[in-house]
Each structure stands twice: as structure tokens, then as C-alpha cells.
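What follows draws every value from the coordinates through simple rules; no lab data is involved. Predicted, not measured: the structure shown is a model, and the values here were computed from it. Positions of Cβ are backbone-derived with ideal geometry, glycine not excepted, and every protein chain shown enters the neighbour counts.
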Amino acid sequence: MNYLLCVVGFVVLLAIAGADGAGECGRNSPDMEAMKLIPCAEAASDENASVSRSCCLQIKKLGQNTKCLCAVMLSNTAKSSGANPVVAITIPKRCNLANRPVGYKCGSYTLP
């Protein structure tokens, strides 16, 4: 719980500092969007963990903008939460999303 409060505090500080990152995720920064993926925390760090329904719903929403989804998965917030990018990029596949961006380059990673 303390960790979650630290992450939320970090994101709030980014917002206050003016890091609104109008880019891949529109008006929100990838770090702000990463907060929506809190239900995915375990699945993003452990490839054997089951992916919750709430995680899949959030991935589906973010997946409508593949650039944003990648930016979120590779964001500082995701990294500081313990997410492993190699594992995190498998979540859309593990959610069985029909329209997932197979083969899309996410930084140095390729979505399966």
C-alpha cells in the first residue's frame, strides 16, 4: 500500500511540474496513463501470473492507441513499479485481445 502511495505521489508531482507530455497519449503523459494499469502490476512483472479482467479492460482501452500503449508500458512509472517490459508487452496477447497490434515495435521490443 505504501508503494502505491509513492507511485501516486510521483505521478502527482509530475503533473504539478508541468510534465503533461502532449504526445503519444494526447494530453496525458504516459506516466499518468500508467496509473490506469495498476490492476496489471503483477501480470507486468510475472509472466506466469494470471491477467485480471480489470487489467484486460484497461489494456483494451489503451490498445486503441498503440503508440500510447507502448509509451505507457515503457514509462518511468511502469519501470518504477517493477514492471518488466519483456513481460508487460505480452499482456495484450495474454488478454486474448483480437485486435492487438501483433508485430508492432515498442521501443526495442516487439509485441507478440
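Picking from Ser108, Leu97, Thr66, whose Cα lies most toward the positive end of the charge dipole for the stretch 48-112 (charges on Cβ: Lys, Arg +1; Asp, Glu -1)?
Value: Leu97.
Cα atoms only, the stretch 31-72: Rg and Dmax in Å?
Calculated on Cα positions, Rg and Dmax stand at 9.9, 26 Å.
Can you pull the three principal axis extents for the Cα set of the stretch 48-112, in Å, largest first?
Here the Cα extents, ordered largest to smallest, are 27, 23, 20 Å.
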